[in-house]
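Participant: Okay, handing you the structure first.
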Amino acid sequence: MAPSRDESLPLVRVVGPSMFPTLRTGDVVTVERSRTARENDLVLVRWEARPGQLSVKRAVREVDGGWHVEGDNPFASTDSRTLGAAEVLGVIRFRLWPRPRRLR
């Protein structure tokens, strides 16, 4: 049986240094849209101020209006410290390429 649309695991290619050293430009990760985010999870997000942009960040805490998320590289990340609460679209659990492994 094929997974339903909500259970599929879309692939996302990482661009930019904001999640270094955990993720690097070119890494390919899976996104579990049906999983609920928890503190410290890697998540795929978007902000109301930038509806056309998707970002990979780390969930810090749940706040009114969404999640406070930050990049692992604070010197190269535009995140909730600047843009406010983010909408979490899914949780990232695995990097598929170039070095497959479970992510935390």
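Just so you know, all these numbers are worked out from the coordinates, no wet-lab data involved. Bear in mind that the values here come from a model prediction, so they are computed numbers and not experimental data. Cβ coordinates were reconstructed from backbone atoms using ideal geometry, including for glycine residues, and neighbour counts include every protein chain displayed.
Participant: Provide the gained length on full extension for the span Asp64 to Glu48, in nm with one decimal, where the gain is 0.36 nm per separating residue minus the Cα-Cα distance.
Facilitator: Values: separation 16, 0.36 × 16 = 5.76 nm, distance 1.36 nm.
Residue separation times 0.36 nm, minus the Cα-Cα distance, leaves 4.4 nm.
Participant: Could I have the simple spin-label model distance between Val28 and Arg104, label points 7 Å from Cα toward Cβ, reported in nm to one decimal?
Facilitator: 2.6
Participant: Each label point is 7 Å from the Cα along the Cα-to-Cβ direction; what then is the distance between the points at Asn73 and Asn40, in nm?
Facilitator: In this crude spin-label approximation the distance works out to 2.3 nm.
Participant: Relative contact order for the chain using alpha-carbon pairs under 8 Å, separation at least 6, rounded to a whole percent? Intermediate results must be reported in sequence, preceding the final value.
Facilitator: Working: 241 pairs, mean separation 30.3, N = 104.
In percent, rounded to a whole number, it is 29.
Participant: Would you mind ranking Phe75, Phe94 so that the residue whose beta carbon has the fewest other beta carbons within 10 Å leads the list?
Facilitator: Working: Phe75 8, Phe94 15.
Placing the least packed residue first, the sequence is Phe75, Phe94.
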